[in-house]
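Rule-based calculations on the coordinates, nothing more; no lab input. Bear in mind the structure is a predicted one, so any value in this text is a computation, not a measurement. Methodologically, a virtual Cβ is constructed for each residue, glycine included, from the backbone with ideal geometry; neighbour enumeration extends over all protein chains shown.
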Amino acid sequence: MARPTAVGRQSRLSRGTADVGSGLGLGRGRTYPASAASHLLNPLRRIVQPPDRIVRAMELRPTDRVLEVGCGPGWFSPRLAAAVPLGLLVCADGQPPMLQLAASRTAGAPNVSLQAADALRLPFTRGSFDAVLLAHVLGEVSDPVACLVEVARVLDDPGALTVVESRRDSDFIQFDRLVKFAGSAGLRTISRRGPRWEYVARLRPAPGLP
Ligand SMILES: C[S@@+](CC[C@H](N)C(=O)[O-])C[C@H]1O[C@@H](n2cnc3c(N)ncnc32)[C@H](O)[C@@H]1O
């Protein structure tokens with residue numbers, strides 16, 4: 001896909017190639033099934049993980065171009081779209097049924113597009129985004145370093161990646177493992193915050209990354 005543009009004038013849901021879905025299930029390396037998406041949208045989640053807290057941590061500007069990789073049913077998407085009224089939000093996921101749910105949660109937001117995509121082969125050109133969100137996704141991908149390399153590629157200078165990981169997840173990535181993966185992908189941590197049960201880490205491509 002070429003450089004993303006604000007949608008509204010075009011179809012919001014683009015089809016891409018995505019090969020997740022063969023290993024559906026819970027646990028490391030398995031893809032969270034769309035059939036269980038309702039758990040991700042449980043209103044009680046608002047207590048432990050209000051979208052507002054995560055989106056504020058991303059320090060977005062109104063004009064930012066944001067990519068949400070593994071958006072699932074769009075728990076964060078409406079709040080993300082509202083944070084960039086003059087920019088755009090691309091919600092990407094490997095499972096089309098997840099994208100349909102995210103589409104209904106963002107219906108009416110003119111700056112949102114939805115893209116079926118594999119997190120290991122993002123269909124965007126280099127430097128397409130100012131911010132990327134990876135929330136509870138890294139533990140599911142078969143190659144976390146390859147995923148982070150892809151994210152670093154699509155980030156524009158001085159864009160930032162935000163990674164959210166919750167301890168209650170069966171595929172939780174410990175923070176020190178994230179730092180290791182990120183180092184291998186040429187990303188360095190610029191901040192880490194969050195309550196006891198989760199962390200919200202922001203990372204940037206290290207200077208000189210090709
Ligand atoms: C646990 S859900 C999290 C969804 C959302 N980020 C949230 O926090 O509510 C993980 C999502 O990542 C997606 N995913 C996993 N591996 C992927 C891959 N290789 N490419 C694209 N999406 C992937 C799954 O389809 C699923 O929707």
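Magnitude of the charge dipole for the chain, about its Cα centre and with charges confined to Cβ atoms of Lys, Arg (+1) and Asp, Glu (-1), is about 400 debye.
Using θ = phi - 60° in the Karplus curve 6.51 cos²θ - 1.76 cosθ + 1.60, the 3J(HN,Hα) couplings for the stretch 31-48 round to 8, 4, x, 4, 5, 9, 4, 4, 5, 6, 9, 4, x, 5, 4, 4, 6, 8 Hz; x is entered for Gly and Pro.
Each of L13, L80 has some number of other Cβ atoms within 10 Å of its Cβ, and from fewest to most they run L13, L80. When the Kirkwood radius is taken over all Cα pairs of the chain, what Stokes-Einstein diffusion coefficient follows at 37 °C and 0.692 mPa s, in µm²/s? Value of D from the Cα-based Kirkwood radius: 196 µm²/s. Database remark: amide H of V132 closer than 5 angstrom to the amide H of L67, A160, L161, T162 (H placed geometrically; neighbours at sequence offset of 5 or more, or on other chains; Pro and chain starts carry no H). By the beta-carbon count within 10 Å of each Cβ, the least crowded to most crowded order of E198, E140, E59, fewest first, is E59, E198, E140. Summarising the label geometry, the points placed 7 Å from Cα in the beta-carbon direction at L86 and S191 lie 2.1 nm from one another.
Footprinting exposure proxy ranking of S166, S184, fewest other C-beta atoms within 10 angstrom first, gives S184, S166.
Report the paramagnetic label zone for N42: residues of the stretch 139-182 whose backbone N is under 12 Å from a point 7 Å from Cα along the Cα-to-Cβ axis. Those under the cut-off are 168-169.
What whole-number distance in Å separates the alpha-carbon centres of the stretch 150-169 and the stretch 33-93? Distance between centres, Cα-based: 13 Å.
Along the stretch 188-193 the Karplus relation, 6.51 cos²θ - 1.76 cosθ + 1.60 evaluated at θ = phi - 60°, assigns HN-Hα couplings of 10, 6, 10, 7, 9, 9 Hz to successive residues, with x for each Gly and Pro.
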